[in-house]
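Some notes on the structure that comes next.
What follows is calculated from the coordinates using simple rules that are stated; it is not laboratory data. Keep in mind the model is a prediction, meaning the values are calculated, not measured. Glycine gets a Cβ as well: all are built from the backbone with ideal geometry, and neighbour counts include every protein chain shown.
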Amino acid sequence: MPKITPARPDAHPPHADSDSEFGTGSCLPCYEAGFFTLAADPAGRLCLIHGALSAAQNAAATPGPQSPPSVPSPSPRRSRPPRGRAAREPAPPDRPPGRPRTDRHAAAHRMARAMGYGRRRAAVRVAGPGYTPHPGWRHLIAPGWRVLVDQAEALAVIDALVDEQDWRADKRAAWSAILRQLVYAMDWDTGLVAALTAQRLAAAGGRAPRTVSRVTAWARDIGLIVVVEHAASAEFLGTDHGRTPTYALVINTPLPPDPAPTDPCPDSEQSAQLRMVVDESGDPTESLVENKPLNGRRLEPGTPAEQNWPLYRVPQSAPERTAAAQRLLGRLGLDRDGVSRVPLWRTRALLRPWWDAGACPAGLLWAIDHHPDHPDHQRGDALRGTRDPLRVLGHRLRSWRGRLTELPANLTGFRGDYVTAQAQRIAATAGPAATAPATREPTAAQLAAVTAVTEHLAQLRQRRRSTTPPSLA
């Protein structure tokens, strides 16, 4: 059997009077717990905390009033003031429940942040040393219109437009001087007119500042001026001075087409927008690259999309689908003044299956507002306070998958140009008597009066052109 070795005796046996030997000058309760805390009582055996506890116990055990021990109390802990919900007073029990927070508040805050960001950017541009136009001002020029950069051409356009108006001589001279002052302030590179106040324009024409508003309104109506950036006060921008309106003089005459580049490869039939010609492998040279994607040019579609797409026509090609998507966004209020709140490429991707299924914009508009299981119930506004309008539209249309035949019969889409076909059918069935409305023949006196007025106006124009000084011609 194994033997159990007896344990060795303790090298440090406990002492009977360890308190008096090792705890002299220290608090005995703290010393027993393993802490060396200096004693504070006259007997030298208790610290401040244990002395206060002992005095409290003695006062509770001894009846009669006793004075508290003269022991300094610890400093109170500083607490910070409550914040957030802790600082609010509790609502009374009879108070009705508050209105739950909706996405409309978040949309309002998001819009306010976007407006503040745009205002700060505008303030930086106004406070800068030189004038910098808005980076997206060219998007405000409609397709087919060209910005006038040459001052001689702009003066000729103004003279032609003013000459067509049958105004008095004083009005003609004043308004022409105001418009010419706009031309004199044009930028040589962009053609924009900036930093031109209404007082300067009024002084150029010898009229009141309110006449300048009438002149600019008339020029905007006839298509001569486009306001690419409106005026803003110094208080609104938070700058030392405000911002004057920025104008662009335009004309509905496109630039002459560039000469077609010679193709070094006669058998090549691909587009010049997709062909890159370089001298050798490596970085392309500046002279031989035909398309530079980073300089602002884009690949334009071969067939431009129609701006006013019929609501009951089913699109079939890519340009038609783009036009139908734009028409749908316009009816939903998401395409205001040509600037859409949603990306167009996402809209085309969302609506492509519905166009292929035979839906038309009118049918989709009705499907967004109704559910196939409850066609008589109006679902309400789908875009009120939404963060992602396309996601909401996709959710509304999801229930109509495979059920487009349940749409009302008057919302059925037509393939092809049904507007022209309907007009041709009406013209064929109506007959020649109905197609030509009965008109009253003018009398000889009316024809003579019209001829006399036309000749008189022509003589006035010819007299104005002959008496115009060479400096204003």
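Brief remarks on what is shown
- A simple rule links phi to the HN-Hα coupling: the Karplus curve 6.51 cos²θ - 1.76 cosθ + 1.60 with θ = phi - 60°, which for region 112-123 gives 5, 5, 5, 5, x, 5, x, 5, 5, 5, 5, 5 Hz, with x for Gly and Pro.
- Taking Cβ atoms as reference points and 13 Å as the exclusive limit, the residues near Pro353 contribute a net charge of +4, counting Lys and Arg as +1 and Asp and Glu as -1.
- Relative contact order (%) - criterion: Cα under 8 Å, at least six apart; region: region 136-251: 29
- Sorting 392-400, 175-183, 456-464, 308-316 by their mean Cβ neighbour count within 10 Å, with the most densely packed peptide first, gives 175-183, 308-316, 392-400, 456-464.
- Using bins of 5 Å that start at zero, the share of Cα-Cα pairs per bin across region 323-419 amounts to 2, 12, 25, 26, 20, 11, 4, 0, in whole %.
- Kirkwood radius, region 87-235, all distinct C-alpha pairs, inverse of mean reciprocal distance: 19.2 Å.
- Summing Lys and Arg as +1 and Asp and Glu as -1 over all other residues whose Cβ lies under 11 Å from the Cβ of Ser213 gives a net charge of +4.
- Relative contact order (%) - criterion: Cα under 8 Å, at least six apart; region: region 313-430: 32
- Rg to Rh, two decimals, where region 177-226 supplies the alpha carbon set and Rh follows Kirkwood: 0.95
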